[in-house]
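Input: a single structure, listed below in structure tokens.
The values are calculated or read from the model by the stated rules, or taken from the named source; none is laboratory data. Here the structure is a predicted model, which is why all the values come from computation and not from measurement. A quick note on method: Cβ atoms are made from the backbone with ideal geometry, for glycine too, and the neighbour counts reach across all protein chains shown.
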Amino acid sequence: MIEVAVIDDEGLARASLRILLEMEDGLRVVADGGTLQALQLVRSMRPDVVLFSTRAMRGSFNPVRQLRGLSKSPGVLVLAGDDEGDQVQRALIAGANGYLLRDCNPRQLVQAVHEVARKGWAFSPSVASTIIDGFLRSARAPKESRLAATLPPEILDRLDSLSEREREVLTLISEGLNNREIAVRLTISVETVKDHVRGVLLKLGVDNRIRAAAIAWRSSLMMDAAA
């Protein structure tokens, strides 16, 4: 059973989402509330997935960052009204696992909740296109200018501290590969991959693979590795 918390400052929207999700076998809404209640609700109910409306965040993704700071961090699925590139990027950097538009159909929403519960990624098709377009624009710019434009100096320093092997591992994390798949790709053991992943997370100062992948995407490490 996947337990879900619904965060939206509009009571009618919360009620509608609760009804929709609880019609699905295997999903249970254990809490719902507004932004100010989000952290307390998640701490007390410990859901597997938090469905967060951008209406509740009012342009700030600090609530998502706060959830990522918990000892047991839930998957976060953002439900938004548009696919503006900057907002999508900020959601991913804050730690969101998925980004859906409100015009998605119920089946897409349910599938996204299941995917986020598995610690995977979930995006509306137009959002995925926005991410790819942003990545390509960044990748086609000169390396120095694109890095300086997208990442603060302290993150650039952390990226520079990665070894060549750690950069390879980070690139493959960004492609969505799990530890076993990375081991096969690099012809090393799974335990060695785990050691490298721990090193990457420690050096980047992040607590999960998703945030590391978001940094890699913004820094265009994937394109550098393919060049």
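What to note about this one:
- Among (1) surrounded by 24 or more Cβ atoms within 10 Å (Cβ to Cβ); (2) touching a Lys or Arg at 6+ places or on another chain (Cβ under 9 Å); (3) closer than 18 Å to Leu27 by Cα - the single one Leu92 does not satisfy: (3)
- Val49 meets each of the listed conditions (1) surrounded by fewer than 21 Cβ atoms within 10 Å (Cβ to Cβ); (2) touching a strand residue (DSSP E or B) at 6+ places or on another chain (Cβ under 8 Å) apart from (1).
- Beta carbons closer than 7 Å, at least 6 apart along the sequence or on distinct chains, pair a first residue in the stretch 60-71 that is farther than 12 Å from Asn208 by Cβ with a second that is among the aliphatic types (A, V, I, L, M) and surrounded by fewer than 21 Cβ atoms within 10 Å (Cβ to Cβ) for Gln66/Leu39.
- Boolean, Glu3 is in contact (Cβ under 8 Å) with a residue 24 or more places away in the chain, charged (D, E, K, R) and touching a helix residue (DSSP H, G or I) at 6+ places or on another chain (Cβ under 6 Å): no
- Of the helices (runs of 4 or more DSSP H) lying entirely inside the stretch 124-227, those containing at least 2 residues that are modelled with pLDDT under 85 and among the acidic types (Asp, Glu) span 153-160.
- Residues (of a type in the set (Phe, Trp, Tyr) and modelled with pLDDT under 80) located in the stretch 42-83: Phe61
Yes/no per residue for (1) of a type in the set (Gly, Ala, Ser); (2) touching a Ser or Thr at 6+ places or on another chain (Cβ under 9 Å); (3) surrounded by fewer than 19 Cβ atoms within 10 Å (Cβ to Cβ):
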{"site": "Ser163", "(1), (2), (3)": "yes, no, yes"}
{"site": "Asn178", "(1), (2), (3)": "no, no, yes"}
{"site": "Glu181", "(1), (2), (3)": "no, no, yes"}
{"site": "Val184", "(1), (2), (3)": "no, no, yes"}
{"site": "Ile188", "(1), (2), (3)": "no, no, yes"}
{"site": "Arg198", "(1), (2), (3)": "no, no, yes"}
{"site": "Lys203", "(1), (2), (3)": "no, yes, yes"}
{"site": "Val206", "(1), (2), (3)": "no, no, no"}
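Okay, residues lined up against (1) closer than 20 Å to Leu70 by Cα; (2) surrounded by fewer than 16 Cβ atoms within 10 Å (Cβ to Cβ); (3) within 18 Å of the chain's Cα centre (by Cα):
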position	(1), (2), (3)
Val6	yes, no, yes
Ala15	no, yes, no
Leu20	no, yes, no
Met23	no, yes, no
Asp32	yes, no, no
Leu41	yes, no, no
Ser44	yes, yes, no
Arg55	no, no, no
